[in-house]
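Beneath this line is the structure, given in structure tokens, with notes to follow.
Please treat every number below as a calculation from the coordinates, not as lab data. Please read these numbers as outputs of a predicted model, since none were measured by experiment. Counting neighbours? That spans all protein chains shown, and the Cβs are built from the backbone with ideal geometry, glycine included.
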Amino acid sequence: MTELGKILKIIRIKRGEILKTMSENLGVTASYLSAVENGKRPMPSEWLEKLEKEYSLDAETMVNLQNAADKLVKSIKLDINKASNEKRDAALVFARSFDSMDEKTANDIKKMLLKGE
């Protein structure tokens with residue numbers, strides 16, 4: 001079970017729910033929720049809002065949930081269709097440089113972007 005799966009299971013147990021009940025609350029099958037918990041499928045982004053509302057999650061749990069979900073992301077699709085030329089160029093340069101980027105550069109970019117939040 002993934003870190004995300006463990007968090008989801010803890011949320012369920014605190015409410016005394018079984019997998020089927022949580023899956024119904026999320027609008028998916030129990031097998032789909034199980035696949036998310038086991039890292040076989042990514043967690044849909046809309047689940048964050050559903051989980052927060054349905055289970056009245058605190059900010060710390062939400063951060064932990066998002067971080068755990070982020071660790072399972074294997075690819076990212078970025079729609080740059082409506083982006084400005086500067087944003088489009090930045091995204092393309094980043095994508096082309098990604099495989100050869102060293103850890104320090106990646107960390108510096110991450111820190112810079114997080115300051116803007």
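Ordered by residue, what ³J(HN,Hα) values in Hz, to whole numbers, does region 44-58 give under the Karplus form 6.51 cos²θ - 1.76 cosθ + 1.60, where θ = phi - 60° and Gly and Pro are x?
Values per residue, Gly and Pro as x: x, 4, 5, 5, 4, 5, 4, 5, 4, 6, 5, 10, 6, 6, 7 Hz.
Using 7 Å Cα-to-Cβ label points, what is the residue 81/residue 60 separation (nm, one decimal)?
Using points 7 Å along Cα→Cβ, the separation is 4.2 nm.
Residue separation times 0.36 nm, minus the C-alpha to C-alpha distance between residue 14 and residue 105: what's the value?
Contour length minus Cα-Cα distance gives 28.7 nm.
Please find the FRET efficiency linking residue 41 to residue 89, where r is the Cβ-Cβ separation and R0 is fixed at 41 Å, and quote it to the nearest 0.05.
Taking R0 as 41 Å, the efficiency between residue 41 and residue 89 is 0.80.
For residue 14, list the lysines whose Cα falls under 27 Å from its own Cα; do not include residues on the same chain fewer than 8 positions away.
Correct list for residue 14: 6, 40, 50, 53, 71.
Name the shape class, rounded, prolate or oblate, that the alpha-carbon gyration tensor gives for region 3-71, where a ≥ b ≥ c are the square roots of its eigenvalues, rounded holds for a/c under 1.5, and otherwise prolate holds if a/b is larger than b/c and oblate otherwise.
Here region 3-71 falls in the rounded category.
Take the chain, mark every one of the trypsin sites (Lys or Arg not before Pro) that falls in a DSSP loop and has at most 16 other Cβ within 10 Å, then report the longest stretch left between them, sites excluded.
83-117
Need one word for the chain: rounded, prolate or oblate. Basis is the Cα gyration tensor (sqrt eigenvalues a ≥ b ≥ c); a/c below 1.5 gives rounded, then a/b vs b/c decides.
prolate
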